[in-house]
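Input: a single structure, listed below in structure tokens.
The values are calculated or read from the model by the stated rules, or taken from the named source; none is laboratory data. Every value quoted in this text rests on a predicted model; they were computed, and no experiment measured them. Using ideal geometry, Cβ is built from the backbone for each residue, glycine included, and neighbour counts are taken over all protein chains shown. Each accessible area value is taken on the protein alone, full model and side chains, heavy atoms only, with ligands, DNA and RNA left out. Shrake-Rupley method; radii C 1.70, N 1.55, O 1.52, S 1.80 Å.
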Amino acid sequence: MKLWSGRFSADTDAAVDRMNASIGFDNRMFREDIQGSIAHARMLGKCGIIDQAESESIIAALGGILLDMEAGKIEFNIADEDIHMCVEAELTRRIGEAGKRLHTARSRNDQVALDFKLYLRGEIASVIGLELSLISALVDIAEENTLTIMPAYTHLQRAQPTTFAHYMLAYANMLLRDVTRLEDCLARMDTMPLGSGALTGTTYPIDRAMVANELGFSAITGNSLDGVSDRDYAIELLSCLSILMMHLSRFAEEIILWCSWEFGFIELSDAFSTGSSIMPQKKNPDVAELTRGKTGRVYGALMSLLTVMKALPLAYNKDMQEDKEQVFDSVDTVKMCLGVFTGMLRTMAVKPENMRKAASAGFINATDCADYLVGKGIAFRDAYTVTGNLVNYCVSHGKTLETLDISEYKDHSPSFGDDVYAAIDLEACVKRRCVPGGPAPEQVDAQIADARAFVDRRVP
Ligand code: ARG
């Protein structure tokens, strides 16, 4: 018999039960549901809304249910509809009368809002932890590669020289922002909704602050209608996760390019690549491709929940039960991608010779050549034109800036001297880019120190 069957004279259709039940997916919030119920029961006892003894027996029995659920001893059944009713029904089976008092001054509407926030709070913390591990991996790789010259691109055309360390730190910086975004999301969702009741609060003299305090929230929600109908935190989390996946997907795209024969900048370890069933030579970057592909699921979840919420009148509507699968799937996906990505990066082999070769062949130091002329007193725009003509000359004569004779330089501008070769040397080009944020090794060292400090502040 359903908890809410009093008003009904006939059973619901079996197909309706299947559609209505969320126990199949919300059972993963059993810990949070029990944690919330324990705090609620303690408060009911303390405020004299139920007997102190009943409160204690509820709390003790909930502790037992928690252990049994952890041990997988309780089967989740669609007859229980959702995790909230499942726990309450089990409690009443165990302690009878007192169990029936737990739901005093509470509704599943504020209960589910609480459980979801508690659950996501924990998941956000693990996403942040995984992201910090990935940042640490990037910083370690950067530390090894502060002198590994590689081309940097705009329009995927070789543009200017940088180092692999500088490149890794670009991704580290994106991920640092992801972490702070998740922290902002956590801070904004740090309000405790219990006490909102079904929608207009409750007539009982409850103590919301006590519950908030026990559950580690720094405030209570400010309006009961909003308290039960707000899913901003889930949408905000999905947008944080979407941005995070966008970063991983961009990175994945570069990994895929870099391990192609055409680039050959890295080689993935056997443990983090896969083969082909027909082409024996293949070693495929499936981890990177799947990460890029799974980005679609997370974006989809964000669109899905925005769409679910867009025209809902206040307050709770059953549509909102559609929030959980999307968010759960996204959190699972992001955690999986972050973990595997870190392993893939930590085990990949960097190929400095190939990076260097790619950096040597594309006139990547043309800007430096122009800057050299500026140093000789020529206006940048004129220096730019002279260097453009030089590149044109190189292309038609099968030469590079490094292999041009000094006479050929001088034919283009009398300001060129023998020191031009040192000026366009790739190491020198990188070392001179000593602006904060730039690729010069001492600037990269500063970026490494900043990223490490960011991680250390969060990982005790
Ligand atoms: N399983 C429901 C959900 O996930 C819990 C809230 C149900 N409330 C209600 N009035 N039917 O949203």
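Computed values, structure above
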item	result
Fully extended contour minus Cα-Cα distance, from Asp190 to Tyr393, at 0.36 nm per residue	66.7 nm
Nonlocal amide H pairs with Ile364, under 5 Å, H built at 1.01 Å	none
Segment Asp68-Asp419, extension gain: residue separation times 0.36 nm, minus the distance between their alpha carbons	118.6 nm
With Cα atoms, 0 to 90° folded angle of helix 441-458 axis to the chain main axis	10 degrees
For region 250-259, 3J(HN,Hα) per residue [Karplus equation, 6.51 cos²θ - 1.76 cosθ + 1.60, θ = phi - 60°, Hz, x = Gly/Pro]	5, 4, 4, 4, 5, 4, 4, 5, 5, 8
DSSP beta bridge pairing in region 106-264, given as percent antiparallel to the nearest 5	75 percent
Inter-site label distance for Met246 and Asp319 at 7 Å from Cα along Cβ, in nm	2.5 nm
Acute angle (nearest 10 degrees) that the helix 286-309 long axis makes with the longest principal axis of the chain, alpha-carbon atoms	50 degrees
Alpha-carbon centroid distance for the pair region 138-216 / region 358-415, whole angstrom	44 Å
Global form of region 108-193, assessed from the alpha-carbon gyration tensor, a/c cut-off 1.5	prolate
Within the chain, helix-based [θ] at 222 nm, where runs of 4 or more DSSP H residues each add -39,500 (n - 2.57), nearest 500	-20000 deg cm²/dmol
Efficiency of FRET between Arg297 and Arg177 - r from beta-carbon atoms, R0 35 angstrom, step 0.05	0.95
For Ala159, distant residues with modelled amide H under 5 Å away	Ala152, Tyr153, Thr154
Portion, in percent, of the accessible area of region 151-307 that falls on carbon or sulfur, probe 1.4 Å	56 percent
Net charge, Thr202 excluded, C-beta distance under 15 Å - Lys, Arg +1, Asp, Glu -1	+2
Qualifying lysines (Cα of each under 21 Å from Cα of Lys376; at least 8 residues distant if same chain)	Lys410, Lys431
Cα gyration tensor category, rounded, prolate or oblate, for region 1-126 with a/c compared to 1.5	oblate
Two-site label geometry, Asp456 and Asn213: point separation in nm, points 7 Å out along Cα→Cβ	3.7 nm
Folded to 0 to 90 degrees: helix 30-46 orientation relative to the chain principal axis, Cα	50 degrees
C-alpha center-to-center spacing [region 79-125, region 273-346] in angstrom	28 Å
Spin-label model distance (nm) - Tyr204 vs Ser276, 7 Å beyond Cα toward Cβ	6.6 nm
Prolate/oblate/rounded call for region 367-459, Cα gyration tensor, a/c under 1.5 rounded	prolate
Karplus-derived 3J(HN,Hα), 6.51/-1.76/1.60, for each residue of region 371-385, Hz, glycine and proline x	4, 4, 5, 4, x, 8, x, 8, 5, 4, 5, 5, 4, 4, 5
Two-decimal Rg/Rh across the chain, once Rg and the Kirkwood Rh are taken from alpha-carbon atoms	1.15
Length released on extending from Ala379 to Glu262, taking residue separation times 0.36 nm less the Cα-Cα span	38.3 nm
